[in-house]
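What follows is a set of notes on a single structure, which appears directly below.
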Amino acid sequence: MTRQAPPTIDMVPRFTVLPTGTALWRCHRSRYGATGFKDVVAHTHFGGSRFDSTAEDPYPYLYATREPATALAEVLLRSMEFDAVSGHRLVPWAQASRYTLTEVVTTADLPLISLRAEEDLAAVCQTSWLLDCEPDDYSRTRYWAQELRRQSAEARGLLWQSRRHRPREALVLFGDRCGPKPVLAETGVRHDLATFAGVDAANRLLAPLRAAIVPPLPAD
C-alpha cells in the first residue's frame, strides 16, 4: 500500500500514446453528450471519483475505456454482489436506464501516463493501491492525479487497468490539455439502456462477466 503523500522528488512517468482514430467507449448519462467533458469539480475531501479534478486543480475530465464491456462494468458493476440464487450480478433496470453506451473516436494523438504495469506504478512512486483503493481514499487519489499533472505537462490523461474488467484498460482525459473536440461520436454506434434493444446489446456484453441488466416487464 502507498497511502502516502507524493515524495518530494521528480518522478519519471512512463507514457503510452492513443493514436488518432482510436475507438473508445463511454457509458454516460443519457442526458449528456458522449463527447462532453465534465467540468464540475469534486469536493477536495468528499464524494467524486478516483481522478476527478478539484478546486485545487480544476480541469474538465472525461472517463472512457478501450472496450464496450469495460465501460459497462466500470459504471454498472461498482460494489455489485453476485446474487445467491442465480450466481449473477443483477443490475436493476431503474439504475441502468439512465445511461447510454456510445463509441467515440479520438481526433488527435493523445500521450497518456501509463499506470498499467507495476513498473509503470513504481515509476511514479505508487502501487496498485492508487487503482484499487475504496472510495474513502479518493481524496488521496485525486491529489496524486494533481501531482502527476504538475510533474508531466505533456500528459493528456491517465491510462490504467480496469478494476472491474481486468486486464482491460480504462482512462481519463484532461480537457484542458487535449485541444478542441479530442473525441467525436461519429460512428453512430450507441445503445440506449432505457430501451429493450439497448438492454439486449448490453447484456450480451455483460454475459461473460456473469452480470445482466434486469429489463422491465413488457407492457400488456
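Bear in mind these aren't lab numbers, they're just calculated from the coordinates by the rules spelled out. In this text, all values refer to a predicted model and were calculated from it rather than measured experimentally. Ideal geometry is used to build each Cβ from the backbone, glycine not excepted, and the neighbour counts take in all protein chains shown.
Over all Cα atoms in segment 105-169, the spread is summed up by Rg and Dmax: 12.2, 35 Å. Restricting the calculation to Cα atoms, the chain shows an Rg/Rh of 0.98 when the hydrodynamic-style radius is the Kirkwood one. Annotation note: GluC sites (Glu not before Pro) in segment 146-220 located in DSSP loop regions with a Cβ neighbour count of at most 14 within 10 Å are 154, 186. Within a Cβ distance under 13 Å of residue 214, other residues only, what is the Lys/Arg minus Asp/Glu net charge? For residues surrounding residue 214, the net value is -1.
Averaging the Cα positions of each part gives two centres, and for segment 47-88 and segment 164-192 these lie 13 Å apart. Highest average first, the peptides 31-43, 7-19, 102-114 ordered by how many other beta carbon atoms sit within 10 Å of their residues are 102-114, 31-43, 7-19. Basic side chains Lys and Arg get +1 at the Cβ, acidic Asp and Glu get -1 at the Cβ, and with that the dipole of the chain about its Cα centre reaches some 220 debye. Looking at segment 62-137, the chymotrypsin sites (Phe, Trp or Tyr not before Pro) that sit in a DSSP loop and have at most 16 other Cβ atoms within 10 Å of their own Cβ are 82.
Among 97, 86, 152, the largest mean-square fluctuation in a Gaussian network model of the chain (Cα springs under 10 Å) belongs to 86. For residue 46 and residue 10, the difference between the fully extended length at 0.36 nm per residue and the C-alpha to C-alpha distance is 10.1 nm.
Shown is the FRET efficiency for residue 83 and residue 29, computed with R0 = 22 Å from the Cβ-Cβ distance and rounded to the nearest 0.05: 0.30.
Comparing 95, 146, 161 in a Gaussian network model of the chain where C-alpha atoms under 10 Å apart are linked, the largest mean-square fluctuation is found at 95. In the chain, the calculated helix contribution to ellipticity at 222 nm averages -6000 deg cm²/dmol per residue, counting -39,500 (n - 2.57) for every DSSP H run with n ≥ 4.
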